Amino acid sequence: MPAALLLLLLVASCAASPGPSQWTVAEEVRPEFFFAEDVAVEVRSAMTSTLDAGIEAWGNFGPIEYWVVGKDVPAAESLAQRYCDRRISRGDMTAQECTADVRRRHEMRDWAARAAEIEVTGQPFLEAGWNGGFEWGLHQFSSSLPPGWAGLAEVRIEDDQTVLLHEYFHAVQQSHVTTLDWEERQRLMGPVWFVEGAAEYMAQRTGEALRLRGRLPTDPRFPGEPWRARDRMAQKMRSGLAMRAERPGLALGEIEYGPEGQIAYDLGAWAIAWLCHRAGPDVLIQRFYPRVEALGWSRAFEEAFGLDPAAFYAEFDLFLELGREQQLAVLASRG
Ligand SMILES: [Zn+2]
């Protein structure tokens, strides 16, 4: 399934320097998109309107810069130059610093080359990430060409919508923490399964709700084949359990980004579904995140969900042993 091949990256900027923190406040600033010049207008409007829908659902956490590469390598290089021009004009970096930071330039070029290959190989490719930016008072995102909106490789636009909402939820999470200390931010955000599971589950659930309300479109190329979060979640349970079975003794709370990271995405989405079933669908936004910086991750967890992390891990292990229908019932009965 294409969704399983979509690779989400949380690309972390480790540079920490004193800077403004007004980005931590929900505000009226409009998100800014920066598209490579070969990105079609339909893709641009789909991305913009999907982010608008996410902002309506969860609140406006900005300022946001969203950098989108196409499939033309020279256009990607121009976009990388625009990126540097912006950093320099805002005083975020010197020209020398941005020139020396080759990672982003290489990434944009690589993403364009790989997007161009989709038409040849038929293999879907999408990478997207929240890239930090808090030291400059903003949230930065980057994305390769979303294949569904670009009409490539039979990827559905619902999957592209989910990826964009997933990334935006990282801004929602990060906006509730004001410290500029990188390690302290990581501690407050919690384990990988919690960060990624929350982004993925909220993207799945909110995306589906926005489509059911007619706020987001469904993919007209797949009539009679409704995209269902329930199906995607069932797939995550299958793949997460299969990967975990190959690693006996691996604890959910210890999984980092890397080879085992996909387990944290898949089972983390289910862990958040379980927690939302227990404590209410809006518990993350209304109870957990507003308290996390004051209480710390573990105490905010206990306050929001009504059990401490150790008790949660024990109960969730039992949940993973249940039959699939009992597990899926957690999704069906959510508020
Ligand atoms: Zn993520």
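Among the residues that make up the stretch 179-200, is at least one of them open to solvent by less than 50 Å² (accessible area, probe 1.4 Å), at pLDDT below 95 and within 16 Å of the ligand (Cβ to nearest atom)? There is at least one residue in the stretch 179-200 that is open to solvent by less than 50 Å² (accessible area, probe 1.4 Å), at pLDDT below 95 and within 16 Å of the ligand (Cβ to nearest atom). Selection over the stretch 294-333 of residues that are closer than 28 Å to Q174 by Cβ, loosely packed, with under 12 Cβ neighbours inside 10 Å and either hydroxyl-bearing (S, T, Y) or not assigned by TED's automatic domain parsing to the domain that holds G268 (or both) gives a count of 0. Restricting the stretch 28-43 to residues that are open to solvent by 40 Å² or more (accessible area, probe 1.4 Å) and under 19 Å from E135 (Cα atoms) leaves a set whose member that is modelled with the lowest pLDDT is V29. Scoring M93 on the criteria (1) under 28 Å from M189 (Cα atoms); (2) of a type in the set (A, V, I, L, M, F, W, C); (3) within 25 Å of the chain's Cα centre (by Cα) leaves a single failure, condition (3). Is it true that A203 is within 19 Å of D159 (Cα to Cα) and touching a His at 6+ places or on another chain (Cβ under 8 Å)? So A203 fits the description; yes. Among the candidates A76, A46, which residue alone is in contact with a Lys or Arg (Cβ under 6 Å, 6 or more places away or on another chain), buried (at least 20 other Cβ atoms within 10 Å of the Cβ) and not hydroxyl-bearing (S, T, Y)? A76 is the lone residue from the list that is in contact with a Lys or Arg (Cβ under 6 Å, 6 or more places away or on another chain), buried (at least 20 other Cβ atoms within 10 Å of the Cβ) and not hydroxyl-bearing (S, T, Y). Given the condition more than 21 Å from A40 (Cβ to Cβ) and within 16 Å of the ligand (Cβ to nearest atom), answer yes or no: does some residue in the stretch 117-130 qualify? Yes - at least one qualifying residue is present in the stretch 117-130. For the stretch 115-153, a residue qualifies if it is charged (D, E, K, R) and either at pLDDT 90 or above or not assigned by TED's automatic domain parsing to the domain that holds I55 (or both), and the qualifying residues are E117, E127. Being open to solvent by 10 Å² or more (accessible area, probe 1.4 Å) and farther than 24 Å from L51 by Cα: is that true of E154 here? Spelling it out, it is not the case that E154 is open to solvent by 10 Å² or more (accessible area, probe 1.4 Å) and farther than 24 Å from L51 by Cα.
The values are calculated or read from the model by the stated rules, or taken from the named source; none is laboratory data. Quick caveat, the model's predicted, so the values are computed rather than measured. Counting neighbours? That spans all protein chains shown, and the Cβs are built from the backbone with ideal geometry, glycine included. Quick note on the areas: whole protein, heavy atoms, side chains included, nothing else; ligands and nucleic acids left out. Shrake-Rupley method; radii C 1.70, N 1.55, O 1.52, S 1.80 Å.
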